[in-house]
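Notes to accompany the following structure.
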Amino acid sequence: MTTEAVGTLLRPLTKTLGRDWSGKSLTWLTALAALLIVAMVAVILGQIAWFGAPTLTWEFLSTAPTQGMTAGGIFPAIFGTAVLVILMVVALVPFGVGAAIYLHEYARPDAWFTRAVRFSVNNLAGVPSIVFGLFGLGFFIQFLGRNIDRALGLDVVWGQPALIWAALTLALLNLPVVIVTSEEALRTVPREMREASLALGATRWQTIRNVLLPQAMPGILTGAILSVARGAGEVAPILFTGAAYYLPYLPGAPTDQFMELGYHIYVLSTQSPDIDATKPLLYGTVLVLLLLTMLFNLTAIVLRTRMRARLAGRG
Amino acid sequence: MLTDTPAARPLPARPAPSPPRPAVGDPGARAARTVPPALVVDDFSLSYGTQPALKRVSLEVPPHSVTAIIGPSGCGKSTLLRAFNRMNDLIPGVRTTGEIRVADLDVRTADVVDLRRRVGMVFQRPNPFPKSIFENVVFGLRMLGLKDRAELEARAEASLRHAALWDEVRDRLERSALQLSGGQQQRLCIARCLAVEPEVILMDEPASALDPTATARIEELVLDLKASYTIVVVTHNMQQAARISDRTAFLLNGELIEYDETGRLFTSPSQKLTEDYITGRFG
């Protein structure tokens, strides 16, 4: 309910009790709404930390699952998640920033191509993640992978779910975020900076490379942070494109399948033969996923803060 | 040291100079014909889309002089200034006719990067990059591909000395340029511009964002720099134009109303409009 609606409901009361009373009650109502969010976070985090912490031993972090996933650790899933996210960022950031540079620096705003790009970016952002998963399966694996195999005369190497395809699918999912935040970051660089550089005889590309990108970097990093946090937690896009139920080995090539924390949580909570034995493991895994995501975020936030301070002339 | 620059490129061959055309409203330029002008504007018009901003402006600027462009807001002074280094190119829909030459270089056909190295610019608001003082000064040189540290340092020092900033910043070249005061930042921007050794320096109201003391220093600096550079300065401030310039151009609604030696233009203008403007009857 909006505050306006609340205000309307309270108007008769206001008349009898006075303006002050309704102001106070509104303050309390909005504070309550805010408190609800804090409470939810506290309960979720608290419960996970409470039940997950005992499981969180070095052994849990460093070994593979054993006995049909009712014992052992989750190292392969941690490893797979890390590699997946790194590959995703490597594929995602150059494309995302490249598209943002094109849109902001080179594209004519009213050209049909520019409009088509913007239309696509906006719509890509609205596509459900499971659809991205299906697209990855259809395009990357069935089409791209199979054709690579055919061209190279291989049996089935590329044309199957694999780390590389899952990473690319995730990258595609996050592309709109990175494009939009990068373009926004480029837009916040003052016009005077661009003019100063051009007036000194810098070429357009030199200006982008030496003036615009460094100053837009904190903003671009924000986009990357968001995508990493999202990438580490998304299960649907990797469901068909590379995540494995269980693997006795770590992925060593981009064409290998991999275990992933989010998917592992799904497996533990739905496919377990012994729910009671799995439960502590499940809490531990969720805790690790949360910590990992927070760690990614924290690193990037620290990096961003430092960059901002440097750009502002401090530090 | 400052003459041996990798920026100095062989000048493009050009056809034999056409006979000089008389510049409109510019008796002074005729007298100085023996020295070729540093800047020539010949029947130059510019429009933003269908909106005309400059109408058939013609003038000649002698080398090693300060020329002020005055006029009320929106009269086209900044547009004219930006025509010399083609900064107007950044605005979509700009169309021009007529000719502008920087020494022997035709501005319309020149390589724009090359042109901007020969015609430097200082902006209204100090706009140092969020980098160190040193990196600001050598930015243009780095863009030219100069990498030698000793050479960069020597050029940075020379430029900062020339811009009367060296003594204030010599101990903190690696500190952020944003820590400097507004006036220092503006002199840094001038040093940055000098480092690439332009022939002409364009200044777009270079002191309008500064306090009186800093303004005085910039004005002093402009007079110093005149010995080595041709300077064109746009200003709102008629006293400033009178103090620092040798010649003054008065623009109104995109038309050049009068262009003359500064002393004469301010004491005995030939046009009624000029007189009205400088006596504060409008603008």
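The values are calculated or read from the model by the stated rules, or taken from the named source; none is laboratory data. On a predicted model such as this, the values are computed, not experimentally measured, just so you know. For neighbour counting, all protein chains shown are included, and Cβ atoms are generated from backbone atoms with ideal geometry for every residue, glycine included.
Taken over the stretch B:46-97, the criterion of being under 22 Å from residue B:193 (Cα atoms) and of a type in the set (Lys, Arg) is satisfied by B:77, B:82, B:86. Of all residues assigned to the stretch A:255-263, none qualifies as being away from chain B (no Cβ under 14 Å), out of contact with any Leu (no Cβ under 9 Å at 6 or more places or on another chain), within 19 Å of residue A:79 (Cβ to Cβ) and assigned to a helix (DSSP H, G or I). With respect to the conditions (1) surrounded by fewer than 24 Cβ atoms within 10 Å (Cβ to Cβ); (2) out of contact with any strand residue (DSSP E or B) (no Cβ under 8 Å at 6 or more places or on another chain); (3) more than 11 Å from chain A (Cβ to nearest Cβ), residue B:163 lacks only one, and its number is (1). Might you check whether a residue that is under 30 Å from residue A:101 (Cβ atoms), at pLDDT 90 or above, outside any helix (DSSP H, G or I) and among the polar types (S, T, N, Q) occurs anywhere in the stretch A:234-249? Yes: one or more hits.
Being surrounded by fewer than 18 Cβ atoms within 10 Å (Cβ to Cβ) and more than 20 Å from residue A:173 (Cα to Cα) is the filter here, so list the residues in the stretch A:87-114 that pass it.
Answer for the stretch A:87-114, where residues must be surrounded by fewer than 18 Cβ atoms within 10 Å (Cβ to Cβ) and more than 20 Å from residue A:173 (Cα to Cα): A:105, A:106, A:107, A:108, A:109, A:110, A:111, A:112, A:113, A:114.
Just one of (1) more than 18 Å from residue B:262 (Cα to Cα); (2) part of a strand (DSSP E or B) fails for residue B:59. It is (1). Selection of first residues in the stretch A:270-282 that are closer than 16 Å to residue A:246 by Cα and of second residues that are modelled with pLDDT of 90 or more and assigned to a loop (DSSP other than H, G, I, E, B), restricted to Cβ pairs under 9 Å at least 6 apart or on distinct chains, gives the following pairs, ordered by first then second residue: A:281/A:74. Tell me whether the stretch A:180-193 contains one or more residues that are farther than 21 Å from residue A:235 by Cβ, touching a Lys or Arg at 6+ places or on another chain (Cβ under 6 Å) and away from chain B (no Cβ under 14 Å). No, the conditions are met nowhere in the stretch A:180-193. Within the stretch B:66-80, residues that are at negative phi reach partners that are among the hydroxyl-bearing types (Ser, Thr, Tyr) and in a helix (DSSP H, G or I) with beta carbons closer than 8 Å, at six or more positions or on different chains, in the pairs B:68/B:262; B:70/B:277; B:72/B:277.
If you go through the stretch B:109-160 and pick out every residue that is part of a loop (DSSP other than H, G, I, E, B) and within 7 Å of chain A (Cβ to nearest Cβ), you end up with 5. Within the option set B:102, B:112, B:137, B:94, being buried (at least 19 other Cβ atoms within 10 Å of the Cβ) and within 28 Å of residue B:259 (Cβ to Cβ) holds for one residue only, B:102. Would a scan of the stretch B:86-101 turn up a residue that is within 13 Å of chain A (Cβ to nearest Cβ), β-branched (Val, Ile, Thr) and within 30 Å of residue B:56 (Cα to Cα)? Yes, because at least one residue in the stretch B:86-101 is within 13 Å of chain A (Cβ to nearest Cβ), β-branched (Val, Ile, Thr) and within 30 Å of residue B:56 (Cα to Cα).
Residues to consider are B:125, B:142, B:108, B:117; find the one that is of a type outside the set (Gly, Ala, Ser) and touching a Pro at 6+ places or on another chain (Cβ under 7 Å).
Going through B:125, B:142, B:108, B:117 in turn, the sole match is B:117.
Residue B:186 meets each of the listed conditions (1) more than 10 Å from chain A (Cβ to nearest Cβ); (2) buried (at least 20 other Cβ atoms within 10 Å of the Cβ); (3) out of contact with any strand residue (DSSP E or B) (no Cβ under 8 Å at 6 or more places or on another chain) apart from (3).
Taking residues in the stretch B:39-63 that are free of Cβ contacts under 8 Å to residues at least 40 places away in the same chain, and partners anywhere that are of a type in the set (D, E, K, R), the pairs with Cβ atoms closer than 8 Å and at least 6 places apart or on different chains are B:60/B:26.
Summed over the stretch A:56-81, residues that are under 26 Å from the mean Cα position of the chain (by Cα) and either in a helix (DSSP H, G or I) or over 26 Å from residue A:231 (Cα atoms) (or both) total 10. Checking the stated criteria, residue A:84 turns out to be crowded, with 21+ Cβ neighbours inside 10 Å, assigned to a helix (DSSP H, G or I) and not acidic (Asp, Glu).
When you scan the stretch A:151-174, do you find a residue that is at pLDDT 90 or above, in a helix (DSSP H, G or I), of a type in the set (A, V, I, L, M, F, W, C) and more than 25 Å from residue A:86 (Cα to Cα), even just one? Within the stretch A:151-174 (the criterion being at pLDDT 90 or above, in a helix (DSSP H, G or I), of a type in the set (A, V, I, L, M, F, W, C) and more than 25 Å from residue A:86 (Cα to Cα)), the answer is yes, since at least one residue qualifies. Residues considered: B:198, B:269. Of these, the only one that is crowded, with 22+ Cβ neighbours inside 10 Å and either of a type in the set (S, T, N, Q) or at negative phi (or both) is B:198. Take the conditions more than 13 Å from every other protein chain (Cβ to nearest Cβ) and within 15 Å of the chain's Cα centre (by Cα) and apply them to residue B:200. Does it pass? So residue B:200 fails the test.
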